[in-house]
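The values are calculated or read from the model by the stated rules, or taken from the named source; none is laboratory data. This one's a predicted model, so the numbers in the text were calculated from it and none came from an experiment. As a convention, Cβ positions derive from the backbone with ideal geometry for all residues, glycine included, and neighbour counts pool all protein chains shown. Side chains included, ligands, DNA and RNA excluded: accessible areas come from the protein's heavy atoms. Shrake-Rupley method; radii C 1.70, N 1.55, O 1.52, S 1.80 Å.
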Amino acid sequence: MKDRKNRLLKGAALLALIMFAAACNRMDGRYEEFDEDAPMPKELHPGVEEHKNILLDRAAERDIDAVITEGFRSVSQQDELYEQGRVSEGEIVTRARGGESYHNYGLAIDFALRYDEGEIIWDTVYDGNGNGQADWVEVADIAKSLGFEWGGDWEDFPDYPHLQMDFGLSIDELQKGWRPAEDAG
């Protein structure tokens with residue numbers, strides 16, 4: 001019984017330390033805190049925008065024509081996308097309702113590839129530069145090296161076009177008004 005109490009006390013102390021560290025992290029200038037009524041962003045976060053451009057440049061250096069098919073998405077646009085395959089025709093492409101997607105906070109982009117003829121393709125095994133590696137994976141690897149999280153790594157619902165840079169903020173925190181500082185990234 002005493003051993004169990006000690007483990008519980010140590011666990012509670014560790015949790016308090018983690019919460020204190022998280023609070024300090026929030027106060028170090030990397031984040032801005034508003035409240036639930038905080039205005040929603042209307043464009044990509046500057047850090048995401050900058051890294052998106054670097055991503056496209058680095059892909060081009062490897063002779064890959066990557067294109068951004070989606071960036072910032074409004075809450076109403078997200079709701080429409082969520083209805084696809086549920087209320088409207090099409091396949092289900094998202095599990096996120098409006099306000100539940102990093103796109104809604106300007107922290108996510110989607111990409112695809114483009115043939116020389118200009119046609120957008122979603123072929124994740126296409127090797128247009130002929131180096132033996134799928135161009136899609138090359139773009140995802142470049143993105144991850146820049147700090148993006150790739151939706152293709154998600155086990156429960158892989159989202160191969162999706163890249164996000166969450167700056168350590170959860171959707172719950174974003175909904176509560178937390179925002180990455182403008183110069184974060």
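Values as computed for the structure displayed
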item: Gyration tensor (alpha-carbon) shape descriptor, segment 70-185, a/c threshold 1.5; result: oblate
item: Unit Cα scatterers, Debye sum, segment 84-128: log10 I(q)/I(0) for q = 0.23, 0.24, 0.25, 0.26 Å⁻¹; result: -0.93, -0.94, -0.94, -0.95
item: Net lengthening on full extension, Tyr115/Glu61 (0.36 nm per residue, minus Cα-Cα); result: 17.9 nm
item: Segment 33-132 - accessible surface per residue (Å², probe 1.4 Å); result: 60
item: Cβ-derived FRET efficiency at R0 45 Å, Gln175 paired with Glu89, nearest 0.05; result: 0.95
item: Given charges at Cβ of Lys, Arg, Asp, Glu: segment 15-173 dipole, positive-most of Ser170, Gly128, His51; result: Ser170
item: Whichever aspartates and glutamates have a C-alpha closer than 17 Å to that of Lys176, once near sequence neighbours (fewer than 8 apart) are set aside; result: Glu32, Glu33, Asp35, Glu36, Asp37, Glu100, Asp166
item: Principal axis dimensions, largest first and in whole angstrom, of segment 45-126 by Cα; result: 40, 30, 18
item: DSSP-defined antiparallel bridges as percent of all bridges, segment 46-185, nearest 5; result: 90
item: Within the accessible area of segment 62-185 (1.4 Å probe), percent carbon and sulfur; result: 44
